[in-house]
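Visitor: Pasting a structure below so you can have a look.
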Amino acid sequence: MPYFQDQVRWLEIAKECEPQLYHNNIRPQSLVRSIGDPRSFQGWRMLPKLPPASIYQRRLKRGDQLILDFGEHIVGYLHFTLNLIGEAMGGPLRIKFIFGEVPAEVCEPFDPFIGTLSRAWLQDETITLDTLPQSICLSRRFAFRYLKIEIMAASFDYQIQFSSIHCDSVTSASIPIEKLCNKRIKPEFQNLDIVGLRTLRNCMQTGLEDGPKRDRRLWIGDSPLLARTNYLTFKNYTVVKRGLYLFAGLAHENGQLPACVYERPVFSKGNEFILGHAALYTSSLLDYAEASGDWETARDLWPIALKQMDFVMEYINNDYIFQDIGKWWIFVDWRPELDIQTPMQGIIIFSLKRLSELAQAIDKEAEAAFARELINKMTIAARERMLSPSHNNLFVSGSKRQISWASQVWMILSGVISPQEGAILFQKLIKRKDAVKPATPFIYHYAVEAMLTCGLKELAIELINLYWGGMINAGASTFWEIYDPTDPFLSPYANYLLNSYCHAWSCTPSYFFRKWNSVFEV
């Protein structure tokens, strides 16, 4: 039985909010060859070999290979036409297509496969044809920049030739990137803005997908960052509303919001529940209402947002400190060594404050009255128990008194300390070599936001250039799920080829360039 009587209606609203997809034909820009280079990202780089017209001049036989560069990361469906060179086909033709977001994906073998996720996420497709010529569209949607074509099998009495090849790219972002680029920002940020917008565009499908290559679903923790950037750029409010209603309509029987939801073939939910991300749903709902002016949706979904605080309360001990009781998944960042106690203390305080703001805006203050007292007591507890004089007045986390970026960032964003105190905190943090650094753009986003909140403009600019700029210097045309400048092979899935190299939570430089435009403009 649904926990909320409105869940069936909520799913109907989500269905009605499916956005239109916009199509654009993208053709390969060049024929390239791969070069093993230990100085390049993951050991590979591409060199232009021949102009795009040469693709259609090549006569291909068994054993031949091509690598095409489409010039930028795209999401869509591959179309091509193959012609026969010869009198007849003495046997079937078998072709393998390998799609890569980064060079390593088309340069390294997928098998033997090692990884903690499904091998099927790796983008390769083999087709067998009995007759030519044919015009074909591969039925699966792919996310890629590079396409490797291998002629796996063909009889000796014929060759083949491509007469056309293109990708029908799709997105629910209706405005071309070139019309959105912020021309007022300094030249050093222009390319960062383009890549951020492209990342956002490619993740905006019929829902806010976290990664169009791998996962292809809506994650409750990823979508707020994508949504905030969307509000200041493409302004597609409908696709965000769809996601908010999908999460609510698919809530578990006890009222918990699922960590992820699926749109196809029917609306369904994953089994995961991530405590901190469910708590942040309230912030997402408030962000949406403030940006779109649609306060009716905020009122409609208020009960499900409020319900998440019941699960949060189970993790607050008698001293008003977050205590992991091991009941649900706690995710802060892809750092296995990261202690999550202090970051979660901040995330919960932040979420409770957003709950109070939302309650005030929609006249639900009585229902959220508990939050004010809890905020106060948790803030006092954080300052007394987690701010450590013996650690140079930095926040520590857990029994080992760990110092991490995530702890300091969430203590600042939650308002446990003032912006002035936060500025001092950051100056000390960046000098600590023992501090656990972020692994993903998810936490780096909040780090930049905390720096800007504290007035540390130069430090924020330096971090954006170092981190997101580092991805561009490594060849990115969209921003990645995970990036460690010291370890290009870092992966939460035991296989870096499974990483998503166009990921929703990484698009936010374009958000910063508009939200704090005075910092970045000429």
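The values are calculated or read from the model by the stated rules, or taken from the named source; none is laboratory data. Quick caveat, the model's predicted, so the values are computed rather than measured. No Cβ is skipped: glycine too gets one built from the backbone with ideal geometry, and neighbour counts run over all protein chains shown. Please note that ligands, DNA and RNA were not included when accessible areas were found on the heavy atoms of the full protein model with its side chains. Shrake-Rupley method; radii C 1.70, N 1.55, O 1.52, S 1.80 Å.
Visitor: Using DSSP, restrict attention to beta bridges with both residues in the chain and report what percent are antiparallel, rounded to the nearest 5. Present the calculation step by step, with values, prior to reporting the outcome.
Guide: On the way: 60 of 62 bridges.
Of all bridge pairs located within the chain, approximately 95 percent are antiparallel.
Visitor: With r defined as the distance between the Cβ atoms of N271 and E18 and R0 fixed at 30 Å, what FRET efficiency is calculated, to the nearest 0.05?
Guide: 0.75
Visitor: Continuing with the same structure: Could you give the angle, 0 to 90 degrees to the nearest 10, between helix 7-16's Cα long axis and the longest principal axis of the Cα atoms of the chain?
Guide: Helix 7-16 sits roughly 40 degrees off the main axis of the chain.
Visitor: Can you tell me how much longer the chain between E72 and E421 gets when fully stretched, taken as 0.36 nm per residue apart minus their C-alpha distance, in nm with one decimal?
Guide: My answer for the length gained is 121.4 nm.
Visitor: How much length would be gained if the chain were fully extended between K433 and N376, taking 0.36 nm per residue of separation minus their Cα-Cα distance, in nm to one decimal?
Guide: 17.3 nm
Visitor: Please work out how much length the chain gains when fully extended from E365 to K235, using 0.36 nm per residue of separation minus the C-alpha to C-alpha distance, in nm with one decimal.
Guide: Full extension of this stretch gives 43.8 nm more.
Visitor: Treating the beta-carbon of each Lys and Arg as +1 and of each Asp and Glu as -1, no other charges, what is the dipole magnitude of the chain about its Cα centre, to the nearest 20 debye?
Guide: Charge dipole, the chain, about its Cα centre: 1020 debye, nearest 20.
Visitor: If you rank L459, L352 by how much accessible surface each has, with a 1.4 Å probe, what is the order from largest down?
Guide: These residues rank, largest area first, as L459, L352.
Visitor: For K186, what accessible area in Å² do you get when you roll a 1.4 Å probe over the heavy atoms of the protein chains, rounding to the nearest 10?
Guide: K186 exposes around 70 Å² with every protein chain in place.
Visitor: Testing the spin-label approximation: label points 7 Å from Cα along Cα→Cβ at E384 and V522. State their distance in nm.
Guide: A separation of 5.5 nm, rounded to one decimal place.
Visitor: Suppose a student asked you for the relative contact order of region 172-275, using Cα pairs under 8 Å spaced at least 6 residues apart; what percent would you report?
Guide: It comes to 21 percent, rounded to a whole number.
Visitor: I would also like to ask the following. Can you tell me which aspartates and glutamates have their Cα less than 13 Å from the Cα of K183? Leave out same-chain residues fewer than eight positions away.
Guide: Within reach: D193, E521.
Visitor: Related question: In terms of solvent-accessible area of protein heavy atoms at a 1.4 angstrom probe, what is the ranking of D287, D6, highest value first?
Guide: Values: D287 25, D6 50 Å².
Largest accessible area first, the list is D6, D287.
Visitor: Which option, (1) 44, 26, 21; (2) 40, 28, 25; (3) 41, 27, 21, is the value of semi-axes √(5λ) of the Cα gyration tensor in Å that was calculated from these coordinates?
Guide: Given (1) 44, 26, 21; (2) 40, 28, 25; (3) 41, 27, 21, the structure-derived one carries the label (1).
Visitor: Something else: Mind jotting down the distance between the C-alpha centroids of region 1-40 and region 456-510, whole Å?
Guide: 20 Å
Visitor: So, one more: As a test of the formula, what do you get for the chain when each DSSP H run with n ≥ 4 contributes -39,500 (n - 2.57) and the sum is divided by the residue count, at 222 nm and rounded to the nearest 500 deg cm²/dmol?
Guide: -11500 deg cm²/dmol
Visitor: Averaging sequence separations of C-alpha pairs under 8 Å and six or more residues apart, then dividing by the length of the chain, give the relative contact order as a whole percent.
Guide: Normalised by residue count, the contact order of the chain is 17 percent.
Visitor: For K457 and N191, what does the FRET efficiency come to when R0 = 22 Å and r is the distance between their Cβ atoms, rounded to the nearest 0.05? Mind showing how you got there, number by number?
Guide: Values: r = 20 Å, r/R0 = 0.91.
Once the sixth-power term is evaluated, E becomes 0.65.
Visitor: Given an 8 Å cut-off on Cα distances and at least 6 residues of separation, report the relative contact order of region 424-522 as a percent.
Guide: With pairs under 8 Å counted, the relative contact order is 25 percent.
Visitor: Hey, got the dipole for region 385-436? About the Cα centre, +1 on K and R Cβ, -1 on D and E Cβ, debye to the nearest 20?
Guide: In total the dipole reaches around 200 debye.
Visitor: Now for a separate question. Work out the FRET efficiency for R184 and T128 from their Cβ-Cβ distance, taking R0 = 51 Å, and round it to the nearest 0.05.
Guide: 0.45
Visitor: Still on this structure, please answer the following. Got a number for carbon plus sulfur as a percent of the chain's accessible area, 1.4 Å probe?
Guide: 50 percent
Visitor: Write down the accessible area per residue of the chain in Å², having rolled a 1.4 Å probe over the full set of protein chains.
Guide: Working: 21110 Å² over 522 residues.
On a per-residue basis, the chain sits at 40 Å².
Visitor: For region 374-436 and region 198-234, write down the distance between their C-alpha centroids in whole Å.
Guide: Region 374-436 and region 198-234 have Cα centres spaced 30 Å from each other.
Visitor: Turning to a different aspect of this structure: Angle check, please: helix 295-313 long axis (alpha carbons) against the longest principal axis of the chain (alpha carbons), in degrees 0 to 90, nearest 10.
Guide: Approximately 70 degrees, to the nearest ten.
Visitor: What do you get for the angle between helix 369-385 and the principal long axis of the chain? Use alpha-carbon atoms, 0 to 90 degrees, nearest ten.
Guide: The helix 369-385 is inclined about 90 degrees to the chain.
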